[in-house]
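Participant: Sharing a structure with you now.
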Amino acid sequence: MRILSRYITALYLRMICLCGGSFIAVYLIIDFLEKITRLARYNPELKHLALFFAAKIPEMINQVAPLAILMATMLTLGILAKNSEIIAMRSCGVGLVRISIPLLATALLISLAVLLNGELIVPRANARLEQIENILIKKKSADTFFRQSNIWHKEENSLLQARLFSPATRTLQGITFWQLAPDMRPVRRIDAGTGSLVGDGWLFKDVTIRDFSAGNVTATRAVAELPVQLQLKPADLKVLEMYADNMGFIALRRYCEKLQNGGYDATRYLTQMHSRLSLPFSALVMAFIGIPFALKSGRSSGIAVGIGLSILIGFSFFVINSALISFGQGGALPPLIAAWAANAIFAAMGVWLTLTVNR
């Protein structure tokens, strides 16, 4: 039985590598054609372009893993059925469950690897990706950056720190703004509850102003509103806000705790946090649902049929999962349910299909 398991696992791994490599290659080609025109305007060096697209591969692996597992499952069983190897195994007393165990065990290990990849490698790769794009290719300064729940922005004679940016309302919250002398001594500190984009500047509200001289506070006053000229653009802040999409489960959990402790709504990020666990295990779900599909087709299942069914099932899963996660981020569904519902739906379909397989 160990020989049989090794044989099925080796064939399965070859199919996974073939399918995964093909999807990543197609993904890279499409992404290259989509972005090269925009990036070419900055006259980047070829090595920087190569580093840019190489840094996207860890995230691509996580994205294509479920579909690659599904297609590899159907192709593996399709090949075994076409060569009458499943019939031979059955005639030797090997049941369908025993044939499926190496596939499910391999899919489980890959799901765990995808989880670790998303937790340890993808955040670093995405941080490197942003650095390559903004600094090496677009040749921007590194003055604006995002660290956990703090947003920092430095200009020539000023420094801004905000606790949160909301792209939906284009507002900053929890603002501290320093105006600096040429020798970097603070001359004024402005604390504001919120700041909204108005024209080519920002309008701070619920403002407290403190003037400094020789390191001492010389005057303090409160105003309802205060316009401030800043070169900070919403596009920059949206990039910073999207940084949460690159966090792993542990980092997102800490981020959500900070938001909740500060009194902010963390529903959007709680949904993303739960999806960091649910999405890797969608690869196992895809293997589970692919096995009965392939076994029901039997010897009539060819490569074209396996590929077509895989794309159809995979596309359906990603559409349903994306819709449910959007509902969770919008508050229509609890974050935990929104993140795991698609896995539960397709796992239930897999159970039903398994029960209908002619044993």
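The values are calculated or read from the model by the stated rules, or taken from the named source; none is laboratory data. Worth saying up front: this structure is predicted, and the values here are computed from it rather than measured. Methodologically, a virtual Cβ is constructed for each residue, glycine included, from the backbone with ideal geometry; neighbour enumeration extends over all protein chains shown.
Participant: Being modelled with pLDDT under 80, in contact with a strand residue (DSSP E or B) (Cβ under 8 Å, 6 or more places away or on another chain) and surrounded by 14 or more Cβ atoms within 10 Å (Cβ to Cβ) is the requirement here; does residue 166 meet it? Lay out the reasoning, then the answer.
Facilitator: Values: modelled with pLDDT under 80: yes; in contact with a strand residue (DSSP E or B) (Cβ under 8 Å, 6 or more places away or on another chain): yes; surrounded by 14 or more Cβ atoms within 10 Å (Cβ to Cβ): yes.
Yes, satisfied.
Participant: Can we say residue 32 is in contact with a Leu (Cβ under 7 Å, 6 or more places away or on another chain) and either part of a helix (DSSP H, G or I) or surrounded by 13 or more Cβ atoms within 10 Å (Cβ to Cβ) (or both)? Give the steps one after another, and end with the answer.
Facilitator: Values: in contact with a Leu (Cβ under 7 Å, 6 or more places away or on another chain): no; either part of a helix (DSSP H, G or I) or surrounded by 13 or more Cβ atoms within 10 Å (Cβ to Cβ) (or both): yes.
Here the answer is no, as residue 32 does not meet what is asked.
Participant: Could you check segment 316-343 and list, in sequence order, the residues that are over 23 Å from residue 284 (Cα atoms) and surrounded by 14 or more Cβ atoms within 10 Å (Cβ to Cβ)?
Facilitator: Within segment 316-343, the first condition is being over 23 Å from residue 284 (Cα atoms), and the residues that meet it are 327, 329-334.
Within segment 316-343, 327, 329, 333, 334 qualify.
Participant: On to the next question. Conditions first: (1) modelled with pLDDT of 85 or more; (2) closer than 30 Å to residue 9 by Cβ. Residue 161 passes all but one, so which condition is the exception?
Facilitator: The one condition residue 161 does not meet is (2).
Participant: Give segment 315-359 a look and list any residue that's of a type in the set (A, V, I, L, M) and farther than 15 Å from residue 272 by Cα, or say none.
Facilitator: Scanning segment 315-359 gives 319, 320, 344, 345, 347, 348, 349, 351, 353, 355, 357.
Participant: Can we say residue 88 is without any contact (Cβ under 8 Å) to a residue 12 or more places away in the chain and not assigned by TED's automatic domain parsing to the domain that holds residue 180? Outline the logic, then answer.
Facilitator: Details: without any contact (Cβ under 8 Å) to a residue 12 or more places away in the chain: yes; not assigned by TED's automatic domain parsing to the domain that holds residue 180: yes.
So residue 88 passes the test.
Participant: Here's another thing I want to ask about it. Mind listing whichever residues of segment 249-270 are over 14 Å from residue 163 (Cα atoms) and of a type outside the set (Val, Ile, Thr)? Please lay out each step first, then the result.
Facilitator: First, pick out the residues of segment 249-270 that are over 14 Å from residue 163 (Cα atoms): 249-254, 267-270.
Correct list: 249, 251, 252, 253, 254, 268, 269, 270.
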